[in-house]
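The values are calculated or read from the model by the stated rules, or taken from the named source; none is laboratory data. What you see is a predicted model; the values in this text were computed from it and never measured. Using ideal geometry, Cβ is built from the backbone for each residue, glycine included, and neighbour counts are taken over all protein chains shown. Surface accessibility is based on the protein's heavy atoms, side chains included, excluding ligands, DNA and RNA. Shrake-Rupley method; radii C 1.70, N 1.55, O 1.52, S 1.80 Å.
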Amino acid sequence: MKQTLLATALAALVLLPGAALAQQVVRIAYVTAENSPQASQARLFAEQVEARLPGAFEFRFFPSAQLGNEQATLEQLQLGTLEMGNLVTPMTEADDRLGIFDLPWLFEDRAHVQRAITGDLKSEIVGAAEAGTSTKVLGIYENGFRHVMSPVAITTPADMEGLKIRLPGGQVRQEVFRMLGANPTPIDWSEVYTALQTGVVDGAEAAAYGFAGSKLYQVSDHLSLTAHNYAPSFLVASQTFWSGLSDEAKTAFAEAAEVIIEPSFEEAATQDQIAIDEIATEAAVNEIDFIAFQAAVQPVYDDYIAENGSEWLDAIRAAQAD
């Protein structure tokens, strides 16, 4: 009798729907805050996976570098001690060709970005990023256009002359600001508010949501919508985690990553405008002379082409609006 009951119980367990079985925990780490595009992408992705495989996975989100900076997150993914991450810099540094995203004034607007990185070029970008990081790239989205807050309105390259600008990023971005006459100054983001308040730096560059989240408009008079760099975000999985998924789960993850492209761009645009509107309550907001800035930094493009060829650049330019 006991054996019969046990067999019956085991059979019932096998027949239980996925929601009743133990969920597989999937942690997604990123360094930006909950008001960032990366946070939205992680949430949208999890919702779409849940819609396809109800109850199979429990997604847990770790914003604001709770599990370490981007390099530490990448290392955890490579070791297989973390399931997923949403990364920017480690991915764009994974291959010299990916340095194209450091080229200033490369994209006209968000629509241009979407056409460029979701078209024919996408597979090459994904391939280069995966090979350079040993991760599985599920999708490429947005981490925002970067702007400048400063004590003066920046409308032409001449307005950058002599400004001490807090600036992260690689060598190319540093060189661009020097080329424009500014003085790039390395300061941890957590110290920027005080640095602006005390005059250690004159300004800072970041995405609008970063300025709004840190209330930098309280200590800086102007937001110049320079949009000098566009930072893509890469939603990636550990190869260890990915290889352990069933074919059904892999299909669901791939479909979820694809279907959130459009809504993730829309939400990023909404978040961007909300942040700019918040900044505008206390600081002046201005546009720039895009063509003048693009012409001023042409040598950076020449250097990139000399090292990496023009194929990717040509593809991005071909995606411009007619």
Hz values of 3J(HN,Hα) by residue in the stretch 122-136 - Karplus curve (6.51, -1.76, 1.60), Gly and Pro given as x: 4, 5, 6, 4, 4, x, 5, 5, 5, 5, x, 10, 6, 10, 9
Accessible area of the stretch 49-134 belonging to carbon and sulfur atoms, whole % at 1.4 Å probe: 46 percent
Euclidean distance between Cα centres, the stretch 66-103 to the stretch 150-196, Å: 24 Å
Linear extension gain, Glu161 paired with Lys215, 0.36 nm per residue minus alpha-carbon span: 16.9 nm
Whole-number accessible area per residue in Å² for the stretch 137-223, which is evaluated in the context of all protein chains at 1.4 Å: 37 Å²
Between helix 37-52 and the chain: long-axis angle, C-alpha atoms, 0 to 90°, nearest 10: 20 degrees
Cα-based helix-to-principal-axis angle, 298-308 vs the chain, degrees rounded to 10: 40 degrees
Two-site label geometry, Ala306 and Asp247: point separation in nm, points 7 Å out along Cα→Cβ: 5.1 nm
Share antiparallel - DSSP beta bridges, the chain, percent rounded to 5: 55 percent
Label selected from (1) 50; (2) 37; (3) 41, the criterion being percent of Cα pairs over 29 Å apart as computed here: (3)
Cα centroid separation, the stretch 227-262 to the stretch 287-322 (Å): 28 Å
Among Ala318, Ala153, Thr118 - extreme Cα towards positive end, dipole of the chain, charges at beta-carbon: Thr118
Charge dipole magnitude, Cβ of K and R +1, D and E -1 - the chain, Cα centre, debye nearest 20: 1120 debye
Relative contact order [Cα under 8 Å, 6+ residues apart], the chain, whole percent: 25 percent
Helix-only mean residue ellipticity at 222 nm for the chain, each DSSP H run of n ≥ 4 adding -39500 (n - 2.57), per residue, nearest 500: -13500 deg cm²/dmol
